[in-house]
Amino acid sequence: MMLTYTVVFSVTVPQLAAGKSVTQYASGIFIGLIVFNLFSELAYRAPMLLHEHVNFVKKSIFPSETIAWTATIRAFTYGGIAFLVFLAFQLVTGGGLHWSLLFTPFLVAPFALLILGVVWFFMALGAFTRDVAHIMASIVPILMFATPVFYSLDQLPPHIAFWLRLNLIGDYIEMFRAITLDGRLPNLFGYALVVVISYAVFWFGYQFFMRYKSVIVDVI
Amino acid sequence: MSSEPIIVSQGVGKAFQLYAHQNDQLKQILFGLWKQFYKEKWVLNDVCFTVSKGERVGLIGRNGAGKTTLLQILCGITRPTRGAFSVKGRIAPILALGSGFDGLLTGRENARIGAAILGLSRRDVDACIEDIAAFADIGPSFEQPMRTYSSGMLARVAFAICAHAKADILIVDEALSVGDEAFQKKCETFIANFAKAGTILMVSHDLDFLRALCDRVIWLDNGVVRLSGEPATVLDAYRAAMAES
């Protein structure tokens, strides 16, 4: 925790003020928060999801993997509403809307896959031990600062930025900023890489959940 | 009555994993290849029986005999550790009162969700929602949030949904005992009618209820079928065994 605070506030914050208007800066943070809140809400909820729906799992014939779908759709609906607010804010403050916004669905789709995979994984893990929920409560805040929510990756020295690039949420935030604020498409090679990794997470999460699905009924 | 087997259970056995600590479950997943963290407890052992189409079968046994686990296996909710079973047709299970009901939603909304979970399409639900309301017969409470319901009212709605699910097999786990006399009468009539087209498997501790409604009773004891046959014979033997212990 101390380490993340140190890096974030010593390296990035002083550079924030330079060269950006208040609204630009606010919009950047807002996009970052929309994406990250979507992730964090589900990260907090996922381990408890099966416990909340224990009756569905144990007492009725119900495909429990759909619980992840509904939770994800719910979170994306909230995210979508926030995004509309952002668009309205852009119009009002004269930021304007870029044509690159049309690319949004191509970012949302792989992001949803990534999130679904994560939810499935933690949903299964959380069924076995409730401690996962407590661990998430301490990991997510750290992750928040390790994600370019309040800053952007190119403000960082390269040796730190490299490690933060491994955080997919951060990559998504940067790409969302690119298409909404800068009016340019993301680097296509980076985009392809992120899509592939997201799909891998989705696939792995699904396999993990389905593999332990039958065991979960007995342990929950 | 045709004798086409609908439910066949061949040597079904189920072992639960007993853990000394909660987190041993996680350790078992991570390191299960190297070390076993649980003790096995066999709640079902070599259960064999057949239920034919149109039969009304009662399931009895003392608490912990494995009745609910057996029903869960037949519903496909949990897998047997060994043995095989087959079920032909669609099942409507009432395994617990108000399972899957959301206390904040009204009876009507919960009935819609419950019917959807049982596999009815939106159109089917629209078609039968009024019938469900009429069958549950709880008046204006049907439009109230379910957290305000008594357990009897919950049972009425739960049973009403399953009764309209157009299932081939009805599996009932002690759900009817909380309803009042009038509702129990209604259920008995329904079950008697249902058996003309479908198959029923029910668990109950109300022996007179089973005697009146079942064609056959299966007595489950310590995870095995101890006796199966005419309701009168099995229930008398069961009653005698209960009196002894």
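Bear in mind that the values in this text are calculations on the coordinates, not laboratory data. Since the model is a prediction, treat every value here as computed from it, not as a measurement. Cβ: placed from backbone, ideal geometry, glycine included. Neighbour counts: every protein chain shown.
Quick notes
- One quarter of the convex hull surface built on the alpha carbon atoms of the protein assembly as shown amounts to 28.0 nm², the projected area averaged over directions.
- Value of relative contact order over the stretch A:111-220, rounded to a whole percent, pairs C-alpha under 8 Å and six or more apart: 51
- Secondary structure note: in the protein assembly as shown, about 55% of the DSSP beta bridges are antiparallel.
- Mean-position separation - Cα centroids, the stretch B:212-235 and the stretch A:17-59, in angstrom: 54
- Simple rule: put +1 on each Lys or Arg Cβ and -1 on each Asp or Glu Cβ in the stretch B:1-160, find the dipole, and look at B:Leu71, B:Thr148, B:Ala158; the Cα lying farthest toward the positive end is B:Leu71.
- Ignoring aspartates and glutamates fewer than eight residues from B:Lys41 along the same chain, the ones with Cα atoms less than 17 angstrom from its Cα are A:Asp218, B:Asp24, B:Asp221.
- Counting only DSSP beta bridges whose two residues both lie in chain B, roughly 55 percent are antiparallel.
- 10 Å Cβ neighbours from other chains, averaged over peptide B:8-18: 1
- Cα lying deepest toward the dipole's positive end in the stretch A:21-219, options A:Phe86, A:Phe162, A:Phe39, charges on Cβ: A:Phe39
- As a proxy for reagent exposure, ranking A:Ile139, B:Ile129 by other Cβ atoms within 10 Å from fewest up yields A:Ile139, B:Ile129.
- Residue of A:Gly80, A:Gly170, A:Gly32 that the Gaussian network model of chain A assigns the largest fluctuation, springs spanning Cα pairs under 10 Å: A:Gly80
- Candidates B:Arg56, B:Arg79, B:Arg147: whichever shows maximal mean-square fluctuation once chain B is modelled as a Gaussian network with Cα springs under 10 Å: B:Arg147
- Percent RCO, i.e. relative contact order, over the stretch A:21-219, from Cα pairs under 8 Å lying at least 6 residues apart: 35
- Among A:Phe204, A:Phe128, A:Phe30, B:Phe31, a tally of other beta-carbon atoms within 10 Å of each Cβ gives an order, fewest to most, of B:Phe31, A:Phe204, A:Phe30, A:Phe128.
- Prolate/oblate/rounded call for chain B, Cα gyration tensor, a/c under 1.5 rounded: oblate
- Computed magnitude of the charge dipole of the protein assembly as shown (debye, nearest 20; Cβ of K, R +1, Cβ of D, E -1): 740
- Calculated [θ] (222 nm, deg cm²/dmol) that DSSP helices of n ≥ 4 give over the protein assembly as shown, each run adding -39,500 (n - 2.57): -18000 deg cm²/dmol
- The dipole here belongs to chain B: it is taken about the Cα centre, uses +1 on the Cβ of Lys and Arg and -1 on the Cβ of Asp and Glu, and is about 820 debye.
- Hydrophobic long helices, here whole DSSP H runs in chain A with Kyte-Doolittle means of at least 0.5 and Cα atoms spread over 18 Å or more along the helix axis, are found at A:22-52, A:66-92, A:104-128, A:131-145, A:188-219.
- Order of A:Val149, B:Val43, A:Val119 - criterion: other Cβ atoms within 10 Å of each residue's Cβ, fewest first: B:Val43, A:Val149, A:Val119
- Sites listed here are trypsin sites (Lys or Arg not before Pro) in the stretch A:96-181 whose DSSP assignment is loop and whose Cβ has at most 16 other Cβ atoms within 10 Å: A:Arg130.
- Peptide A:51-60 shows a mean partner chain C-beta count of 5 within 10 Å per residue C-beta.
- Distance cut-off 28 Å, percentage of C-alpha pairs in the stretch A:21-219 lying past it: 30
- Taking chain B and dividing mean pair separation by its residue count, relative contact order in percent (alpha carbons under 8 Å, at least six apart): 26
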